[in-house]
Amino acid sequence: MNISFSIALRSLALSAFTGGAMLPSAPLLLNAQQAQQSPQVITGPDAYADWSQQKPGTMRKITVADLPAPYATESSDNGPTVIKKPADAWPIAPQGFKVELYAGGDAAKPMQRSDMVRQTTSATSGTFVEPRIIRTAPNGDLFVADSQAGRIFVLRGATADGAAETVSEFASGLDHPFGIAFYPSGPNPKWVYVGNATTIARFAYKSGDLKAENPAPETIVPDIPGYAQLRGGGHWTRDVAFTADNRHMLISVGSGSNIDDPDTHPREFHRADVLEYTPEGKFVEVYAYGIRNCVGEAINPTTGQLWCSTNGRDALGNNLPPDYVTHIEEGGFYGWPWYYIGGHQDPRLPEPCADGTGPNPQLAAPLTEAQAANCKRTDMSSKVLVPDVLMQPHMASLEVTFYPEHMKGFPASFSGDAFAAEHGSWNRKRRGGYEVVMIPMKGGKALGEYEDFLSGFTTADGQVWGRPVGVAVGHDGALYVTDDGSRSIWRVVYTGK
């Protein structure tokens, strides 16, 4: 099957509306001839879409040439108030896929942004408070970070209805855990590493453990740059990944602001970076920099490269700049805060200081106030790397994962492709996101476009009930998606029907 025909086949949308409500069934039955006639990839200005245009199977490609000018539209403050999931609402996947409620979804109230505070809170009802990152252990167990509750859960197996057979609390008392990584790679890791808001910790682990043997983890890195000054304490998420050779630990640290110049704002030192440590917690270097908020990390199993799912800056307009998912080059510079999506200079900032952290990311300390006051400025626009896949602006791209090659479950055409969770916008007049996207890959490299894969987290009139955060592929070949809006975990399986 050639690539263009494969894309056309995957553009079969499963969506139906009855009486203004979105239903979980009634697929559109399209034959191969109709599939061939379907639009392959939406490009140019039409690629920018809101929630009402996001349908499973729709392919989009945004390029650097498609970027509007800064302030072409007025920025918006349009965050959703998440409603309780309507009885007839359900996530919608492409033709041939089925979506099942794997765990949770039993809380009395949905999760609001205002509920995300620095103090962890216990569940007052239901299984989860804030299910976020989900990772597959080498033995097939699914580890989930319930961040606001300060807990890590282990979910195992699936019933005939697609629900988890067991849900176990692995650890508690953590500070907003997010990233989860198993070390070393292979079938028998010895440790589970956890990215807390301000530290990196690890638990001793034997394959199959449902509860940490020692409830008090070992702190490996005690001083990760922590909570930000953003609304809701944003950019507190710390993901953890190990290089393919197990020699280095890579930690993602988001910025503490929208566009604060790190040369004149010392609190931005070692933020908007991927930091490299040894597995024992010794700092090595800034691995890559100028990445405003690499929320989700993943190692591409085909190439061994680090990939980041990244939130861009705000307040330049509805459709600027895009969020992105990209491979990360060691030593690579991705522009923040001075530039975006290549060498486009942010009009709100001057060029970086020549002796500052832009040209010199390995500085041992930030510039002093005196050094920054009258620094010489330098043009670094030619050094900014352009990301592989540009997403809808402000969609809040979070965790990313790769569908393993030769995995049985999804059709073979998905082998090696990536999936990313789009938490949903607040900085667009017409909201976008609230979906999971699929990123076609070939030989470990992105083709540049993405597909709206799992939608339906909004009602027919645009109210939001679900917000995808984490994505993981189970040993059963299913795609597992955490949703911190409805406090659920969803399971997407291919049935061919």
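The values are calculated or read from the model by the stated rules, or taken from the named source; none is laboratory data. Just so it is clear, the model here is predicted, and its values are computed rather than measured. As a convention, Cβ positions derive from the backbone with ideal geometry for all residues, glycine included, and neighbour counts pool all protein chains shown. In case anyone asks, the SASA skips ligands and DNA or RNA and just uses the protein heavy atoms, side chains included. Shrake-Rupley method; radii C 1.70, N 1.55, O 1.52, S 1.80 Å.
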Response to the item:
In order over region 40-56: 3J(HN,Hα) from phi, Karplus 6.51/-1.76/1.60, θ = phi - 60°, whole Hz, x for each Gly or Pro, gives 7, 9, 7, 10, x, x, 5, 5, 6, 9, 9, 4, 6, 9, 7, 10, x
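With a probe of 1.4 Å, find how much accessible area region 272-391 has per residue, and write the answer as a whole number in Å².
On the way: 4200 Å² over 120 residues.
I get 35 Å² per residue for region 272-391.
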Worksheet entry | Sum of -39500 (n - 2.57) over DSSP H runs of 4+, divided by residues of the chain (222 nm, nearest 500) | -1000 deg cm²/dmol
Worksheet item: When the Karplus curve 6.51 cos²θ - 1.76 cosθ + 1.60 is applied with θ = phi - 60°, which whole-Hz ³J(HN,Hα) does each residue of region 75-80 get, with x for Gly and Pro?
Response: 5, 10, 10, 9, x, x
Response to the item:
Listed by chain and number, the residues whose amide H is under 5 Å from that of I83, excluding neighbours fewer than 5 places away on the same chain and using placed H, are V464, W465
Discussion item. What three numbers, in Å, describe the spread of the alpha carbons of region 208-356 along their principal axes, ordered from the longest?
Written reply: 52, 34, 34
Fill in: Candidate aspartates and glutamates for bridging to K376, where Cα separation is under 12 Å - those fewer than 8 sequence places away on the same chain excluded
D263, E351, D355
Worksheet item: Which value, in Å² and to the nearest 10, is the accessible area of R113 when all protein chains are kept and the probe is 1.4 Å?
Response: 90 Å²
Item to complete: Could you give log10 I(q)/I(0) at q = 0.07, 0.08 Å⁻¹ for the chain, computed by the Debye formula over C-alpha point scatterers of equal weight, without solvent?
Response: -0.34, -0.44
Item to complete: Give the accessible surface of region 46-96 per residue, rounded to a whole number of Å², with probe radius 1.4 Å and ligands, DNA and RNA excluded.
Response: 45 Å²
Worksheet item: Which of the aspartates and glutamates could be linked to K442 by a straight reach, that is with a Cα gap under 12 Å, when you skip same-chain ones fewer than 8 residues away?
Response: E405, D417
Worksheet item: Whose amide H sits under 5 Å from the amide H of I341, counting only residues 5 or more places off or on another chain, with H placed in the peptide plane?
Response: none
Item to complete: Take the solvent-accessible surface of the protein heavy atoms, probe 1.4 Å, and return the percent of it on the chain that carbon and sulfur atoms account for.
Response: 51 percent
Worksheet entry | Prolate/oblate/rounded call for region 29-180, Cα gyration tensor, a/c under 1.5 rounded | oblate
Worksheet item: Residues with amide H under 5 Å of I62's amide H, sequence separation 5 or more or different chain, H placed in the peptide plane at 1.01 Å from N; which?
Response: L390
Practice prompt. Check cross-link reach from K282 to the aspartates and glutamates: straight Cα distance under 13 Å, and skip same-chain residues fewer than eight apart.
Written response: D223
Practice prompt. Would you mind computing the Rg to Rh ratio of region 373-426 from its alpha-carbon coordinates, Kirkwood style for Rh?
Written response: 1.24
Worksheet, complete the sentence: In this structure, among K84/K429; K85/K429; K61/K190, pairs with alpha-carbon gaps over 30 Å are K61/K190
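Which of rounded, prolate or oblate describes region 278-381 when judged by the alpha-carbon gyration tensor and an a/c cut-off of 1.5?
Values: a/c = 2.31, a/b = 1.20, b/c = 1.94.
Oblate, because a/c is 1.5 or more while a/b does not exceed b/c.
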Practice prompt. In vacuum, with every alpha carbon of region 339-467 counted as one equal point scatterer, what does the Debye formula give for log10 I(q)/I(0) at q = 0.13 Å⁻¹? Two decimals, please.
Written response: -0.77
Fill in: Relative intensity, log₁₀ I(q)/I(0), of region 151-233 from a Debye sum that treats every alpha carbon as a point, q = 0.13, 0.17, 0.19, 0.27 Å⁻¹
-0.49, -0.75, -0.88, -1.32
Fill in: For region 152-166 and region 67-117, distance of Cα centres in Å
23 Å
Discussion item. With every protein chain left in place and a probe of 1.4 Å, what is the accessible surface of R292, to the nearest 10 Å²?
Written reply: 20 Å²
Fill in: Potential extension, H475-A49 segment - 0.36 nm per residue separation minus Cα distance
150.0 nm
Discussion item. Within 10 Å, Cβ to Cβ, of F419, how many net charges do the neighbouring residues add up to if Lys/Arg are +1 and Asp/Glu are -1?
Written reply: -3
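Restricting attention to region 200-288, which GluC sites (Glu not before Pro) occupy a DSSP loop and are surrounded by at most 16 other Cβ atoms within 10 Å? Spell out each step's value before the answer.
On the way: sites: E213, E218, E268, E276, E280, E285; in loops: E213, E280.
Here the sparse-neighbourhood loop sites are E213, E280.
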Worksheet item: Which value in nm describes the separation of the simple spin-label points at K190 and D77, placed 7 Å from the Cα toward the beta carbon?
Response: 5.1 nm
Response to the item:
Expected sort for 322-332, 379-389, 144-154 on mean C-beta neighbours within 10 Å, highest first, is 144-154, 322-332, 379-389
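What does the C-alpha gyration tensor say about the overall shape of region 343-411? Classify as rounded when a/c is under 1.5, otherwise prolate if a/b is larger than b/c, or oblate.
Numbers: a/c = 3.27, a/b = 2.45, b/c = 1.33.
Here region 343-411 falls in the prolate category.
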Worksheet item: So what's the Cα pair-distance distribution over region 278-317, bin width 10 Å, in %?
Response: 22, 42, 28, 7, 1
Practice prompt. Would you kindly derive the ³J(HN,Hα) couplings of region 446-459 from the backbone phi angles with the Karplus curve 6.51 cos²θ - 1.76 cosθ + 1.60 (θ = phi - 60°), listing them in order in whole Hz, with x for Gly and Pro?
Written response: 6, 7, x, 9, 9, 10, 5, 9, 10, 10, x, 7, 10, 7
